[in-house]
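The block underneath contains the structure these notes are about, expressed in structure tokens.
The values are calculated or read from the model by the stated rules, or taken from the named source; none is laboratory data. Source: prediction; values computed, not measured. Because the Cβ atoms are built from the backbone with ideal geometry, glycine has one as well, and the counts that use them run over all protein chains shown.
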């Protein structure tokens, strides 16, 4: 994987998921159970864990004092995780925004919509953190001698 994740791909995925969920919610909102407030917390937790990983790997790739070099396989796995996380976050975030677009106008008239609005906001924020963390992890895996972002180059090239 030598190319960076395209922001336009993430935007298209988010819009497609949002439209699909919005259409489904319009058709069946009355039959859905209420959404728990913390339903969207999972992407936030995953995003925070990925941010920690990004900072750890960035220090190792930049060869900070006391940091071990990054194994080639670990770097490749981290790149795959970064790409998957940013795409998953865009899809889930789009879904939450699609739900939010439906329930927000109803929130003043329908009690369930008010509670679901809060859940959708938490989910959208958590998903945004996951997308950002995935993109930051991907950026953090670039080697210092390759500002063009040649992903896939690893610590074995720097071991002497």
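When the residues of region 11-42 are filtered to those that are touching a residue at least 40 places away in the same chain (Cβ under 8 Å) and assigned to a loop (DSSP other than H, G, I, E, B), the one that is farthest from residue 135 (Cα to Cα) is 34. In region 115-160, the residue that is modelled with the lowest pLDDT out of those that are touching a helix residue (DSSP H, G or I) at 6+ places or on another chain (Cβ under 8 Å) and more than 28 Å from residue 5 (Cβ to Cβ) is 115.
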